[in-house]
Amino acid sequence: MRKYPIIEIFTSINGEGTRAGELATFIRLKGCNLHCSYCDTRYACEEDASCTWMTIKEILAQVTTKNVTLTGGEPLLAEGIEELLEALRDYSVEIETNGSRSINLNLSYRPIFTLDYKLPSSGMEEFMNTDNYKYLQPCDVIKFVSGSTADLEKMWEITKTYDLVSKCHVYISPVFGAIEPADIVEFMKEHQMEGVRLQLQLHKFIWAPNKKGV
Ligand code: SF4
């Protein structure tokens, strides 16, 4: 029977995305193919990270809310991820993905995707899969985690090149401690970024910024 490498399953509020502030069960899968400079979940990424191998039945037994968010690491790396997603089809499923993997999955329903675009300061921009943008739906989010003015400039270039505002939600999220949210607002005003939203990660304000399982 297939098992999945689970770092943690917990219930909390969504810290970001269109369901920010709503309760959700988070399923954090082990492993990531990127190495972002600002990663705050390295404990889920390393090869020797400790995890629990769980069956679908065992995972479902820990789901306590209608909203379910798959996260990581990079959840789309997990072998058999489509099988797990099918088992979750009666829930409202969101997948937080790093933007390097295809979101064109073979499923009987369409989850919501929150798709990162890794900007220059992440060091991972070369791995972005912009082919994904043809599969975007209005419920999806493209999230630009920005840590500098150069990041914001690139964010705006990508947004315009792929006409992202007309396809889905477009969020800018500051790298915590690297850039002042007020400076992002100034940049948004200067560039008349209509339809783009600044988003602060709620859990970084409610709990200590590095607290796990919240
Ligand atoms: S994609 Fe996410 S989990 Fe992976 S290294 Fe980057 S920030 Fe960390």
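Of the residues in the stretch 147-165, at least one is β-branched (V, I, T), buried (at least 20 other Cβ atoms within 10 Å of the Cβ), at pLDDT 95 or above and assigned to a helix (DSSP H, G or I).
Of all the listed residues (N98, N104), the sole one being in contact with a helix residue (DSSP H, G or I) (Cβ under 6 Å, 6 or more places away or on another chain) and modelled with pLDDT of 95 or more is N104.
Report, by residue number, each residue of the stretch 95-138 that is over 17 Å from Y162 (Cα atoms) and in a loop (DSSP other than H, G, I, E, B). Scanning the stretch 95-138 gives N98, R101, N104, L105, N106, L107, S108, Y109, R110, P111, G123, M124. Pairing each residue of the stretch 160-178 that is among the charged types (D, E, K, R) with any residue that is surrounded by 15 or more Cβ atoms within 10 Å (Cβ to Cβ) and not in a strand (DSSP E or B), provided the two are 6+ apart or on different chains, yields C-beta distances under 6 Å for K167/L136. Look at I112 and say whether it is aliphatic (A, V, I, L, M) and within 16 Å of the chain's Cα centre (by Cα). In short, yes.
For D116, the requirement of being touching a residue at least 24 places away in the same chain (Cβ under 8 Å) and within 14 Å of the ligand (Cβ to nearest atom) is met.
On the basis of being without any contact (Cβ under 8 Å) to a residue 60 or more places away in the chain, within 14 Å of the ligand (Cβ to nearest atom) and of a type outside the set (A, V, I, L, M, F, W, C), does K30 make the cut? So K30 passes the test.
Are any of the residues in the stretch 76-94 in contact with a helix residue (DSSP H, G or I) (Cβ under 8 Å, 6 or more places away or on another chain), closer than 30 Å to T149 by Cα and within 16 Å of the ligand (Cβ to nearest atom)? So far as the stretch 76-94 goes, no, none of its residues is in contact with a helix residue (DSSP H, G or I) (Cβ under 8 Å, 6 or more places away or on another chain), closer than 30 Å to T149 by Cα and within 16 Å of the ligand (Cβ to nearest atom). Checking the structure you have, find out if any residue of the stretch 119-126 is crowded, with 18+ Cβ neighbours inside 10 Å, touching a residue at least 12 places away in the same chain (Cβ under 8 Å) and of a type in the set (S, T, N, Q). Yes: the stretch 119-126 contains one or more residues that are crowded, with 18+ Cβ neighbours inside 10 Å, touching a residue at least 12 places away in the same chain (Cβ under 8 Å) and of a type in the set (S, T, N, Q).
The values are calculated or read from the model by the stated rules, or taken from the named source; none is laboratory data. Every value quoted in this text rests on a predicted model; they were computed, and no experiment measured them. We place every Cβ from the backbone using ideal geometry, glycine too, and count neighbours over all the protein chains shown.
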